[in-house]
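Note sheet for the following structure.
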Amino acid sequence: MKKIGMLTLMFVISTSTISHAAGPSEERARGAYKMILEATDVNTDGQMSGTECKAVYSDPAIADKNCTFWDADHDGIITEDEYVKQAMSIGDRK
């Protein structure tokens with residue numbers, strides 16, 4: 001499925017600098033979000049809903065865990081700012 005490949009690729013791009021202390025740069029994370037949004041925004045409303053995020057996963061448990069992580073304020077929408085904040089925090093996690 002094209003969406004899964006794109007989402008996986010973008011996650012790899014956004015986290016490719018994990019070896020650095022603070023994760024990817026803001027610019028890289030924003031670019032990754034825009035590409036992910038383009039691949040997941042099925043209803044073309046310009047937002048990534050939790051449902052749209054989860055639709056790219058075959059395992060519901062992994063979908064729930066990952067999409068919950070990206071939706072930091074748990075409002076059902078994964079915004080660009082949330083994605084960037086979460087992506088940049090990955091290198092800080094131990």
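The values are calculated or read from the model by the stated rules, or taken from the named source; none is laboratory data. Here the structure is a predicted model, which is why all the values come from computation and not from measurement. Quick reminder, even Gly has a Cβ in these numbers, built from the backbone with ideal geometry, and neighbours come from all protein chains shown.
Residue-level analysis places residue 26 among those that are surrounded by 12 or more Cβ atoms within 10 Å (Cβ to Cβ) and in contact (Cβ under 8 Å) with a residue 60 or more places away in the chain. When the test is whether a residue is surrounded by fewer than 17 Cβ atoms within 10 Å (Cβ to Cβ) and either modelled with pLDDT of 95 or more or touching a strand residue (DSSP E or B) at 6+ places or on another chain (Cβ under 7 Å) (or both), residue 91 does not pass it. Within the range 51-77, being farther than 17 Å from residue 87 by Cα and within 12 Å of the chain's Cα centre (by Cα) holds for 52, 54, 56. Looking across the range 38-56, the residues that are surrounded by fewer than 19 Cβ atoms within 10 Å (Cβ to Cβ) and either of a type in the set (Lys, Arg) or in contact (Cβ under 8 Å) with a residue 40 or more places away in the chain (or both) come down to 54, 55.
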